[in-house]
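Notes follow the structure.
The numbers here are math on the coordinates, done by the rules we state, and not lab data. For clarity, every value in this text was computed on a predicted model and none was experimentally measured. Here Cβ is always computed from backbone atoms with ideal geometry, including for glycine, and neighbour counts include all displayed protein chains.
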Amino acid sequence: MKTKNQHFSRGQIAKYTHIKAETIRYYETCGLLHSPARSAGGHRIYTEDHAKRLKFIRRCRELGFTVNEIIGLITLSEEPHMRCTRVRDVTATHLVEVKAKIKDLKKMERTLHQMVSQCDETDSPECPIIESLLC
C-alpha cells in the first residue's frame, strides 16, 4: 500500500491504478491528468493525487462518460462552491444517452436474431443474411 508521500513511476502507477501506461500518457495529453513533475533524470514522478485522479477517471470511463464529460466533472469537483445538482445534471444527461444506446442495442439484437433465424430455416446456397445486408 502506498502512502500519501509515496511517488510512482509510470509503470508503478499503471499497476497501482489498473490503467495501462499508454492510457495514462493519453490522459495527460488530453488534459484529464496534470503532467507530473520530473526527476533529475527526466522520469515522470507521479503522486498519490495522480493515482486518486486516475482511479476517478477509470471509474468514469467504466460508466461510459466521454473525455469531455469527465473534464466537466473534474472541473465541477474543483470549484470552491461546487453544487451537487450540477454534477447530477451531467450524470442525468449521460444516463439519457446510455438508455438511448441500450435501446439501439436491443433493436440491433432483434434484427440480428431475425437474420440468424432466417439462416436456420433454410439450407439454400443463397444466404439470406448476405442478401439482407446488400439491401
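Before moving on, here are some points about what is shown:
- Listed residue (HIS94, GLY42, LEU112) projecting farthest to the positive dipole end of the chain, Cβ model: GLY42
- Stretched out straight at 0.36 nm per residue, the stretch from VAL87 to VAL67 would grow longer than its current Cα-Cα span by 5.7 nm.
- In the chain, the calculated helix contribution to ellipticity at 222 nm averages -21000 deg cm²/dmol per residue, counting -39,500 (n - 2.57) for every DSSP H run with n ≥ 4.
- Normalised by the number of residues in the stretch 1-113, the mean separation of alpha-carbon contacts (under 8 Å, six or more apart) gives a relative contact order of 22 percent.
- Per residue, the convex hull spanned by the Cα atoms of the chain amounts to 194 cubic angstrom.
- Rounded to 10°, Cα long-axis angle of helix 48-62 versus longest principal axis of the chain: 10
- Hz values of 3J(HN,Hα) by residue in the stretch 36-45 - Karplus curve (6.51, -1.76, 1.60), Gly and Pro given as x: x, 5, 10, 6, 4, x, x, 7, 5, 10
- Cα→Cβ-extended label distance, 7 Å offset, between CYS135 and VAL96, nm: 3.3
- About the Cα centre, charge dipole magnitude for the stretch 1-82 (Lys/Arg +1, Asp/Glu -1 at Cβ), debye: 420
- A crude spin-label estimate for the pair ASP123 and HIS18, with each label 7 Å from Cα along the Cβ direction, gives 4.9 nm.
- Qualifying aspartates and glutamates (Cα of each under 13 Å from Cα of LYS101; at least 8 residues distant if same chain): GLU109
- Compared with the dominant principal axis of the Cα atoms in the chain, helix 67-78 is inclined by about 40°.
- Using a Förster distance of 30 Å, the FRET efficiency for GLN114-ILE74 (Cβ separation, nearest 0.05): 0.10
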